[in-house]
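S.K.: Here it is, the structure in full.
The values are calculated or read from the model by the stated rules, or taken from the named source; none is laboratory data. The structure displayed is predicted, hence computed values, not measured ones. Cβ: placed from backbone, ideal geometry, glycine included. Neighbour counts: every protein chain shown.
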Amino acid sequence: MTRDFSIGRRSVTGAALLGSAALLLGATGRRAFADALPATVPSTVGGVVLALPAPTGRHPVGCRAVYLVDGSRRDPWDSSVPVRELMLTFFYPARAVAGTAPAPQLPPLAAEVFGAIAPYGPLRLPAAGVDWGATLSHSGPDAAALPGRRPVLVYSPGGGDPRGLGTSLAEELASHGAVVVTVDHPGDAAAVEFPGTTAFRPEPVRPTVFRGDPRDTPALARTMVDARVADLRFVLDRLGRPAELPLPRGLSLDLRRLGVYGHSAGGSAVTELLHEDRRVRAGINLEGYLDLPPLRPGDAPEPLPVLRTGVDRPLLLLGTELFDHAAELNRSWSALTARSAPWVRTTRLPGAAHWAVTDLAALLPGLQSAGLTTPADRAAVVGTVRPAVGIPRVRRTVREFFTRHLAAAP
């Protein structure tokens, strides 16, 4: 579905940012945010500029942001929105990107909202001092694609996280020959920037609706997983009709070699997608639960459907040694492994914490060096492992899994 927009690159107002924080934090957090936020939000330009590690493959990487609309369903987070909007980024092997300014990790308006609300969530990010919009990827926007049919990997980020926090790993996989499609889940993601406004969305940026931890709010957790699975199935449908997509010139998708990977809530969603959708050949769950919190206190957690029957295609459950809720996670992972042998493999990343599989593994050390976060906060988010050790380990583990299982078409 194609839709016309009134395109406007306007700044995000202080009121819009305050509203974002109110939704994220509830009343207590809203008061704290209101005390901290001036009427006019100051520009973050001039703050610390953080850097992402370069991909290691032999191919230069191109990227393109793509807007999609699913007209068959209403928005799961806001019933007044008559359609489901999505933003994707395609990362792919490119012919050349020399002389092209790289794309930012986060689009400018989304970066502004992210910087305003992220300090009040679980990421322990600083409230000031960082130019979140200045971090660059290593990808050339709209570069011509390298010829050849490519395996396709679809990525779903963690709950509340923007797809941009998966940039480094996506670029790594693309530099080794894959097409990677990162997906934002609007309403869930911290901030999603669209190419304009609509009658039902008067701002070009849509902030999260989260209030606190989804594991403490059963209805929210269910909506989050169900919405993500539906989003991903819609993306697969559209990938199956490439002539209808505004793909980069020369890009060719080999959907016989389709894999999925996701972090946290994204890991939950891609595991369920692997169970439900035969188009997916292999998947990686990066520390996502496979059960839902009980609707009533004292009841047992509700297993996702995948736990009832298991999976019959390759799945890697990739966790971290320092995850705060490992006992809860292991409960559902062990149940899946028991039902799915020999298809499921489980491994842990030593010295790593929950967000070590995201771009934060590279960004948090930069914040610590600048005096903008503490060693304890860094360790709580990404762990104690050195970036020079942890980042290559994550990249290698993910890359080798998909190379093994998607090397040839069925």
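S.K.: If a residue has to be among the β-branched types (Val, Ile, Thr) and not in a loop (DSSP other than H, G, I, E, B) to count, how many in segment 118-137 make the cut? Reasoning before the result, please.
M.R.: Filtering segment 118-137 down to residues among the β-branched types (Val, Ile, Thr) leaves 130, 135.
This time we only want the ones that are not in a loop (DSSP other than H, G, I, E, B), so: 130.
Adding up the residues that qualify gives 1.
S.K.: A follow-up question, please. Quick one: how many residues across segment 146-160 are small (Gly, Ala, Ser) and more than 21 Å from the chain's Cα centre (by Cα)?
M.R.: Start the filter on segment 146-160 by keeping residues that are small (Gly, Ala, Ser), which leaves 148, 156, 158-160.
Checking the rest, the ones that are also more than 21 Å from the chain's Cα centre (by Cα) come to 148.
The qualifying residues number 1.
S.K.: Quick one: would you say residue 370 is within 20 Å of residue 160 (Cα to Cα), of a type in the set (A, V, I, L, M) and modelled with pLDDT of 95 or more? Lay out the reasoning, then the answer.
M.R.: Values: within 20 Å of residue 160 (Cα to Cα): no; of a type in the set (A, V, I, L, M): yes; modelled with pLDDT of 95 or more: yes.
Here the answer is no, as residue 370 does not meet what is asked.
S.K.: Hey, another quick one. Looking for whichever is farther than 22 Å from residue 153 by Cβ, hydrophobic (A, V, I, L, M, F, W, C), crowded, with 19+ Cβ neighbours inside 10 Å and touching a residue at least 40 places away in the same chain (Cβ under 8 Å) here; the options are 116, 103. Which one fits?
M.R.: Values: 103 fails: farther than 22 Å from residue 153 by Cβ.
None of the others qualify; the one that does is 116.
S.K.: Still on this structure, please answer the following. With (1) crowded, with 22+ Cβ neighbours inside 10 Å; (2) touching a His at 6+ places or on another chain (Cβ under 7 Å) as the list, and residue 111 as the residue in question, which single condition is left unmet?
M.R.: (2)
S.K.: In segment 277-311, how many are among the aliphatic types (A, V, I, L, M), within 21 Å of the chain's Cα centre (by Cα) and not in a loop (DSSP other than H, G, I, E, B)?
M.R.: Narrowing segment 277-311 to residues among the aliphatic types (A, V, I, L, M): 280, 282, 284, 286, 290, 292, 295, 300, 304, 306-307, 311.
Still in the running and within 21 Å of the chain's Cα centre (by Cα): 280, 282, 284, 286, 290, 292, 304.
Still in the running and not in a loop (DSSP other than H, G, I, E, B): 282, 284, 286, 292.
Qualifying residue count for the region: 4.
S.K.: What's the number of the only condition in (1) part of a loop (DSSP other than H, G, I, E, B); (2) under 30 Å from residue 236 (Cα atoms); (3) among the hydrophobic types (A, V, I, L, M, F, W, C); (4) modelled with pLDDT of 95 or more that residue 1 fails to meet?
M.R.: (4)
S.K.: I'd like the residue in segment 243-253 that is in contact with a helix residue (DSSP H, G or I) (Cβ under 9 Å, 6 or more places away or on another chain) and touching a residue at least 60 places away in the same chain (Cβ under 8 Å) and, out of all such residues, is nearest to residue 314 (Cα to Cα). Step through it out loud before you land on a result.
M.R.: Here is the first cut: in segment 243-253, the residues in contact with a helix residue (DSSP H, G or I) (Cβ under 9 Å, 6 or more places away or on another chain) are 244-245, 251-253.
Applying the additional criterion that residues be touching a residue at least 60 places away in the same chain (Cβ under 8 Å) yields 245, 251-253.
Working: 245: 29, 251: 27, 252: 24, 253: 21 Å.
That would be 253.
S.K.: Condition check: in contact (Cβ under 8 Å) with a residue 60 or more places away in the chain and under 29 Å from residue 150 (Cα atoms). Does residue 226 satisfy that?
M.R.: Working: in contact (Cβ under 8 Å) with a residue 60 or more places away in the chain: yes; under 29 Å from residue 150 (Cα atoms): yes.
When the stated conditions are applied, residue 226 passes them.
S.K.: Working only within segment 312-327, note down all residues that are in contact with a strand residue (DSSP E or B) (Cβ under 8 Å, 6 or more places away or on another chain) and either assigned to a helix (DSSP H, G or I) or loosely packed, with under 15 Cβ neighbours inside 10 Å (or both). Spell out how you get there, then give the answer.
M.R.: Step one: list which residues in segment 312-327 are in contact with a strand residue (DSSP E or B) (Cβ under 8 Å, 6 or more places away or on another chain), which gives 313-322, 326.
Hit for segment 312-327 is 326, nothing else.
S.K.: Which members of segment 229-272 meet the condition of being of a type in the set (D, E, K, R) and closer than 23 Å to residue 150 by Cα? Steps first, please.
M.R.: Step one: filter segment 229-272 for residues of a type in the set (D, E, K, R), giving 231, 233, 237-238, 241, 244, 249, 254, 256-257, 272.
Within segment 229-272, 231, 233, 237, 238, 241, 244, 249, 254, 256, 257 qualify.
S.K.: Do we find that residue 168 is farther than 28 Å from residue 80 by Cβ, polar (S, T, N, Q) and in a helix (DSSP H, G or I) in this structure? Before the answer, list the steps.
M.R.: Working: farther than 28 Å from residue 80 by Cβ: yes; polar (S, T, N, Q): yes; in a helix (DSSP H, G or I): yes.
Yes.
S.K.: Then there's this: Residues that are in a strand (DSSP E or B) and more than 23 Å from residue 271 (Cα to Cα): does segment 363-377 have at least one? Lay out the reasoning, then the answer.
M.R.: Kept after step one, since they are in a strand (DSSP E or B), are these residues of segment 363-377: none.
No, segment 363-377 contains no residue that is in a strand (DSSP E or B) and more than 23 Å from residue 271 (Cα to Cα).
S.K.: Does at least one position in segment 44-56 carry a residue that is hydroxyl-bearing (Ser, Thr, Tyr), modelled with pLDDT under 60 and in contact with a Pro (Cβ under 9 Å, 6 or more places away or on another chain)? Spell out how you get there, then give the answer.
M.R.: Step one: filter segment 44-56 for residues hydroxyl-bearing (Ser, Thr, Tyr), giving 44, 56.
Filter again for modelled with pLDDT under 60, leaving 44.
Filter once more, so that each one left must be in contact with a Pro (Cβ under 9 Å, 6 or more places away or on another chain): none.
Looking for residues that are hydroxyl-bearing (Ser, Thr, Tyr), modelled with pLDDT under 60 and in contact with a Pro (Cβ under 9 Å, 6 or more places away or on another chain), one finds none in segment 44-56, hence no.
S.K.: Okay, moving on. Taking into account only those residues within segment 333-355 that are part of a helix (DSSP H, G or I) and in contact (Cβ under 8 Å) with a residue 40 or more places away in the chain, which is farthest from residue 267 (Cα to Cα)?
M.R.: 335
S.K.: Do we have residue 374 as touching a residue at least 60 places away in the same chain (Cβ under 8 Å) and within 30 Å of residue 129 (Cα to Cα) here? Lay out the reasoning, then the answer.
M.R.: Numbers: touching a residue at least 60 places away in the same chain (Cβ under 8 Å): no; within 30 Å of residue 129 (Cα to Cα): yes.
Spelling it out, it is not the case that residue 374 is touching a residue at least 60 places away in the same chain (Cβ under 8 Å) and within 30 Å of residue 129 (Cα to Cα).
S.K.: Just give me the residues in segment 121-144 being surrounded by fewer than 22 Cβ atoms within 10 Å (Cβ to Cβ) and either free of Cβ contacts under 8 Å to residues at least 60 places away in the same chain or among the hydrophobic types (A, V, I, L, M, F, W, C) (or both), in sequence order.
M.R.: Within segment 121-144, 127, 128, 134, 136, 144 meet the criteria.
S.K.: What are the residues in segment 171-221 that are part of a loop (DSSP other than H, G, I, E, B), of a type in the set (A, V, I, L, M, F, W, C) and either touching a residue at least 12 places away in the same chain (Cβ under 8 Å) or closer than 17 Å to residue 137 by Cα (or both), if any?
M.R.: Pass one, segment 171-221, residues part of a loop (DSSP other than H, G, I, E, B): 176-178, 185-190, 194-196, 198-204, 208-213, 217.
Those still in the list that are of a type in the set (A, V, I, L, M, F, W, C) too: 178, 189-190, 194, 199-200, 209-210.
Answer for segment 171-221, where residues must be part of a loop (DSSP other than H, G, I, E, B), of a type in the set (A, V, I, L, M, F, W, C) and either touching a residue at least 12 places away in the same chain (Cβ under 8 Å) or closer than 17 Å to residue 137 by Cα (or both): 178, 189, 190, 194, 200, 209, 210.
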